[in-house]
Amino acid sequence: MPPVTLSIGKTRGLQQCSSPRGVFTCLALDHRQNLRRALNPQDPAAVSDVQLSAFKVAVCAALAQQATAVLLDPEYGAAQAVAADAIPGGCGLVVALESTGYGGESTARQSQILPDWSVEKAKRMGASMAKLLVYYHPASSAAPEIEDFTRRVAAECQAHDLALMLEPLSYSLDPAKKLPSDEKRRVVVETAHRLTAIPGVDLLKVEFPLDADDMDETRWADACAEINRSSRVPWILLSAAVSFDLYLRQVTIACRAGASGIAVGRAVWQEAVQMSAEARTGFLATTARQRLARLSALCQALARPWNEFYTAEAPLDWYRMY
């Protein structure tokens, strides 16, 4: 399939968030309530906003130099990390748009933009890209609503010429059990097929398409290849809460199947949440940094560059039509 012509603003955003070869090693730190629970499992509410923000800034300061981009939320991370000079100028900034969690029933989940936040504000504060998380199951009664919601946000990103990273998360239609591995695969693949057909979705952030207990790497490779065939845009693999060693194996399979890189969070830094300030500083500067560097090298070697999907055009009078 020939490359799609992408606008100048979106092209620049993807360039800012990727390596010179066109692959992504995005450090994910947009966690909110689940990070509170990790920092204090006994009493998440006791974690103050200041503590939450300080953790994000500390991780950025230690690891952002190893990343092509950092993904942060607007409440506790994005502006605070910029103000603290914790994100190098050559590192892209991806800012989340959505409120944390979901509304509606557990089998028909709804999403919304964070109140008092917008695509326009993300663009204005210097984001290279916006990120939208939606909960999605193709057979859910909420699926058409989520598709319409995604379409509206994507159109707004197009109006502001801001690249959009879409992160759909699957869920079970049976509240009594999680998705079985085979069903998860079908859901993740079909989600990629449906949601990347929406104009203005530029990059897909994908969960691993099989259950973490499914250790058959032949099935991994087949499932990742299905995602690659189904997605109309470049895709990157998120880490969820799996171990670093498991994620490294998943990333290898995904990149060989056609992924354009990663958006990695807890697989790199999750042990730091339960450490003292001094131990955390040491861990982030050594183990976490080494993990991210190893993942980055892997993506550089194996991932598919996003510019195989996109091209840009700039006739000399482009600004007249912009």
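The values are calculated or read from the model by the stated rules, or taken from the named source; none is laboratory data. Note that this is a predicted model, so its numbers are computed, not measured. Note that each Cβ is placed from the backbone with ideal geometry, even for glycine, and that neighbours are counted across all protein chains shown.
One residue alone among VAL187, VAL201 is at pLDDT 95 or above, of a type in the set (A, V, I, L, M), farther than 17 Å from ILE262 by Cβ and part of a helix (DSSP H, G or I), and that residue is VAL187.
For (1) under 23 Å from GLY261 (Cα atoms); (2) among the β-branched types (Val, Ile, Thr), each residue gets a yes or a no:
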{"position": "PRO44", "(1), (2)": "no, no"}
{"position": "CYS60", "(1), (2)": "yes, no"}
{"position": "VAL70", "(1), (2)": "yes, yes"}
{"position": "GLU75", "(1), (2)": "no, no"}
{"position": "PRO88", "(1), (2)": "yes, no"}
{"position": "THR107", "(1), (2)": "no, yes"}
{"position": "SER118", "(1), (2)": "no, no"}
{"position": "LYS123", "(1), (2)": "no, no"}
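In the range 71-103, of all residues being under 12 Å from the mean Cα position of the chain (by Cα) and outside any loop (DSSP other than H, G, I, E, B), the one that is farthest from LYS121 (Cα to Cα) corresponds to LEU71. Count of the range 239-265 residues, restricted to those that are outside any loop (DSSP other than H, G, I, E, B) and surrounded by fewer than 21 Cβ atoms within 10 Å (Cβ to Cβ), is 6. Of all residues in the range 20-56, which are assigned to a loop (DSSP other than H, G, I, E, B), among the small types (Gly, Ala, Ser) and crowded, with 18+ Cβ neighbours inside 10 Å? The answer is GLY22, and nothing else. Being over 26 Å from VAL201 (Cβ atoms), surrounded by fewer than 17 Cβ atoms within 10 Å (Cβ to Cβ) and within 19 Å of the chain's Cα centre (by Cα) holds for only one residue in ALA285, ALA293, ALA301, and it is ALA293. Screening LEU132, LEU63 for residues that are surrounded by 19 or more Cβ atoms within 10 Å (Cβ to Cβ), at pLDDT 95 or above and in a strand (DSSP E or B) leaves exactly one candidate, LEU132. Answer yes if at least one residue in the range 69-82 is touching a strand residue (DSSP E or B) at 6+ places or on another chain (Cβ under 9 Å), buried (at least 16 other Cβ atoms within 10 Å of the Cβ) and more than 21 Å from GLN33 (Cα to Cα), and no otherwise. Scanning the range 69-82, I find at least one residue that is touching a strand residue (DSSP E or B) at 6+ places or on another chain (Cβ under 9 Å), buried (at least 16 other Cβ atoms within 10 Å of the Cβ) and more than 21 Å from GLN33 (Cα to Cα), so the answer is yes. So which residues in the range 90-121 are exposed (fewer than 13 other Cβ atoms within 10 Å of the Cβ) and under 20 Å from CYS26 (Cβ atoms), if there are any at all? Residue satisfying the conditions is GLY90 alone.
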